[in-house]
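The values are calculated or read from the model by the stated rules, or taken from the named source; none is laboratory data. The structure presented is a predicted model; accordingly, all values stated were derived computationally and were not measured. Here the Cβ positions follow ideal geometry from the backbone for every residue, glycine too, while neighbour counts run over all protein chains shown.
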Amino acid sequence: MPNSTRPALALPASAAAKADKPLKLFVLSFLALYLLLVLAVPLALTSFEDDATGLEGYLRLYATTHALILSAYLALLALLGKFAPRALLEVLCVLGLWLLIVAGVYSFLLPLDAGMIDNFRFSEPRAMNFSSQRALLDVVVAGAALWAAWLLVRRFAEQVGKALTLFVLICAAYALFSGVTLASKIAAIPLPANDGKQTISYSRTEKNIVVLMIDGSMAGYMPRLLAHDPAAAERLSGFTWYSNVVSTGNRTFNALPAVFGGFDYTAANINKHPGNSLEEKVNQAYMLYPDNFAAKGYGVRYVDPFWYGFARRGDCNKFVAQGAGDCIHVIDTVGRQQTNAHMSTKHSEYLWGVLKQYLAISLYKAAPNSLKGQVYDGGDWQGASLSWWKREDKFLENYFSLLALPGLSDTNAPGPTFTFMANNITRAVLKLDQSCVPNKQLATSAQELEQLRSQDTVEIYDTFYCAMNGVTRYLDWFKQQGIYDNTMFVLVSDHGWPSRNPLLKDVGDAERQELYSQFQNLLLIKPFAATGAPRESREFISNANVPGIVCEVIGGCVDRATGKHISNQPLTEPVQLYETPWQPQGQNADSYKILSTYQVKDDVSVPGNWSKLQ
């Protein structure tokens, strides 16, 4: 009997699997691309931030956003894969794999070094300038990647599918790890032990020494401040400001140790110290004041000792454990609290900005090098830049912490005191009004540009003005308490900032002026009982001279690490200046990684006195 119902022809299992491969590869390649560029890398970049303040709530926003976007993205891939012709799927497989290869090559194998990125702006944006050689290399890389993607899809589809599956799992695990890392950093942000109201005590009758380090400030802006703000000049009575001053480093991490320990703690000299790790060597610099002043009966307190224990604000727990004296945080406690209150209505908008900013950086990393300048867009990141908000947040927490100092201070100390404080307000330069309120819409006048010669320099001056406004308000408190005369003040910075520094206007072209400005720091000193209008000194001096000057009060100090006697010694030799990476992660395990060495002698305003040694 003939069979009237013939069964449908079925594909063998191997043929069915082969038919599914374009769909599988298509989904895996575009899923891998999403996880790498949109999820894993942006989250990893955020978790690498050493300063996680202001990111509370970010992970919740991030997870919710990507749960929705990824669901929609996968649904779109599934629909496209279901209805697209096989030939189109094969083309899309090649396209997805090609984009993934290109992103991997430029993110990890051919990265472009545009210098340090700080507040989402590169220090060497000129590295992104277009060149025909770079464009030619990019064409070659793109062509090779396209050929490799085609070959892999045509000849090794099964192996590629397995590799992509593993890659997707790795990206997902990496994103999870980065999220946990960021969550732990947010959770570890110092919380005020008693609402951030720990007092800083001074003596009414005995000596007080206050060393206030204002990160990134420069003496070059003092003449403008004194000329335009008579109140500042009055508040700075008794001070001498040093205009011929130089720092031994271009970043806080390599310059600040010399402010604590002197010339034995420049980058090159720290490298010569015995020790198992760079952290141990750097931490030694912080011990000079606690060791010697405590031995003379001084109560020693450090407030935000930047980079002690390789922590941005300083690790107070490690500091106290060393028996170095008392240590508290003000920026991350009172400053942060008041900033959160001020920014509360903008916090959600700020977090959206974080999400966009890190996605922009991820796309920048993955873009061919000849196109990176277009993605970067002069620091505007094609409209996704968080730079201004990030600077506003940093400015406010530092400015509020300065304004809070009088309320955190008293005159109940039973004996003499030594207090070190740090503040990085001038690391967050902005256009500010006369009340020191950040204002993104505030225009720069033609007169300001004519006098200061660049928009960045105008913003640096505005921020310096407000930094000194906060500092001099604190000086007013000392006068009101009747302890100004028995207090010695040292206002110093660790380094300068690339700018058209007025005191270096004759050292060369704009590029040279901006380079040397990184080594032109701030130094003002008021000895005990000093009075009168602030005066300028042209003495050649370095911020590494500060320990010797301060230690003269107790007849000199002895450095426990070197055994040397530290006292005030005028500069007679050229000063060597060092460029290094700006964070601990960029150094060697037991030494600074010195990128460049410069030298200056006698007068920093004379071009011929500067030279590059390496």
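Things worth noting here:
- Within the stretch 282-371, helices (runs of 4 or more DSSP H) holding 2 or more residues that are outside the structural domain of residue 385 (by TED's automatic domain parsing): none
- Residues being in a helix (DSSP H, G or I), under 32 Å from the mean Cα position of the chain (by Cα) and not assigned by TED's automatic domain parsing to the domain that holds residue 386 are entirely absent from the stretch 143-155.
- Members of the stretch 504-535 that are farther than 18 Å from residue 459 by Cβ, in contact with a Ser or Thr (Cβ under 6 Å, 6 or more places away or on another chain) and hydrophobic (A, V, I, L, M, F, W, C): 519, 525
- Residue that is nearest to residue 112 (Cα to Cα), among those in the stretch 339-382 that are polar (S, T, N, Q), at pLDDT 90 or above and surrounded by fewer than 21 Cβ atoms within 10 Å (Cβ to Cβ): 369
- Residue in the stretch 546-557 that is assigned to a loop (DSSP other than H, G, I, E, B) and over 28 Å from residue 207 (Cα atoms) present: no
- Residue within the stretch 126-133 that is touching a strand residue (DSSP E or B) at 6+ places or on another chain (Cβ under 9 Å), part of a helix (DSSP H, G or I), at negative phi and buried (at least 17 other Cβ atoms within 10 Å of the Cβ) present: yes
Per-residue answers, yes or no, for (1) among the small types (Gly, Ala, Ser); (2) more than 19 Å from residue 175 (Cα to Cα):
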| residue | (1), (2) |
| --- | --- |
| 49 | no, no |
| 61 | no, no |
| 66 | no, no |
| 91 | no, yes |
| 94 | no, yes |
| 98 | no, yes |
| 108 | no, no |
| 115 | yes, yes |
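- Residue satisfying all of: in the stretch 550-573; hydroxyl-bearing (Ser, Thr, Tyr) and either in contact with a helix residue (DSSP H, G or I) (Cβ under 9 Å, 6 or more places away or on another chain) or more than 22 Å from residue 245 (Cα to Cα) (or both); surrounded by the most Cβ atoms within 10 Å (Cβ to Cβ) among these: 562
- Considering (1) in contact with a Phe, Trp or Tyr (Cβ under 8 Å, 6 or more places away or on another chain); (2) over 19 Å from residue 122 (Cα atoms), the lone condition that residue 423 does not fulfil carries the number (1).
- Verdict on residue 214 being more than 25 Å from residue 430 (Cβ to Cβ), at pLDDT 90 or above and either over 26 Å from the mean Cα position of the chain (by Cα) or buried (at least 21 other Cβ atoms within 10 Å of the Cβ) (or both): no
- Taken over the stretch 44-102, the residue count meeting the criterion of being surrounded by fewer than 16 Cβ atoms within 10 Å (Cβ to Cβ) and small (Gly, Ala, Ser) is 8.
- The residues of the stretch 418-458 that are among the basic types (Lys, Arg) and exposed (fewer than 14 other Cβ atoms within 10 Å of the Cβ) amount to a single one, 440.
- The stretch 157-182 residues that are outside the structural domain of residue 98 (by TED's automatic domain parsing), paired with ones that are crowded, with 17+ Cβ neighbours inside 10 Å (beta carbon under 8 Å, 6 or more apart): none
- Residue ID - farthest from residue 542 (Cα to Cα), chosen from residues in the stretch 264-278 that are in a loop (DSSP other than H, G, I, E, B) and touching a residue at least 12 places away in the same chain (Cβ under 8 Å): 276
- Residue count for the stretch 320-377 under the criterion of being of a type in the set (A, V, I, L, M, F, W, C), under 22 Å from the mean Cα position of the chain (by Cα) and under 25 Å from residue 422 (Cβ atoms): the result is 5.
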